[in-house]
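The structure appears right after this line, and notes come after that.
No lab work stands behind these numbers, since they all come straight from the coordinates. Because the structure is predicted, anything quoted here is derived from the model rather than measured. Methodologically, a virtual Cβ is constructed for each residue, glycine included, from the backbone with ideal geometry; neighbour enumeration extends over all protein chains shown.
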Amino acid sequence: MADDYDSERFPGNFYQGMILKLDRARGRGVVRSHSGKEVLFQFPFVSIVGAGIGGTMPGIELIAEGDIVGFDVGWTSKGLRVTTINPRSAHSSN
């Protein structure tokens, strides 16, 4: 049923959230969901939409703390983790 899907709440089939913490040296961070839940991510176990292929942390330059992003999650041996990040807001690179 088309009415069951909320395209404003899940644009592009992603949950909405914000990059709360990002440790570029270690390649890990935290996304806070719209509902306030904090979910961890870590390279190389997360993929960034629009990132090139290769390297140790492909796409880390496309995200920054405070960015509004779309994200998807999956279950791992360490619990719930972010598996995909879709950058939404533009920011200047360092």
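Overview of results
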{"quantity": "Relative contact order %, the range 13-87, counting alpha carbon pairs below 8 Å whose residues are six or more apart", "calculated": "33"}
{"quantity": "Options Gln42, Pro87, Phe14, ranked by Cα towards positive dipole end of the range 13-87, top entry (Cβ charges)", "calculated": "Gln42"}
{"quantity": "Dipole magnitude (debye, nearest 20) for the range 13-87, charges at Cβ of Lys, Arg, Asp, Glu", "calculated": "260"}
{"quantity": "Summed side-chain charge close to Asn86 - residues other than Asn86 whose Cβ falls under 11 Å, Lys, Arg +1, Asp, Glu -1", "calculated": "-1"}
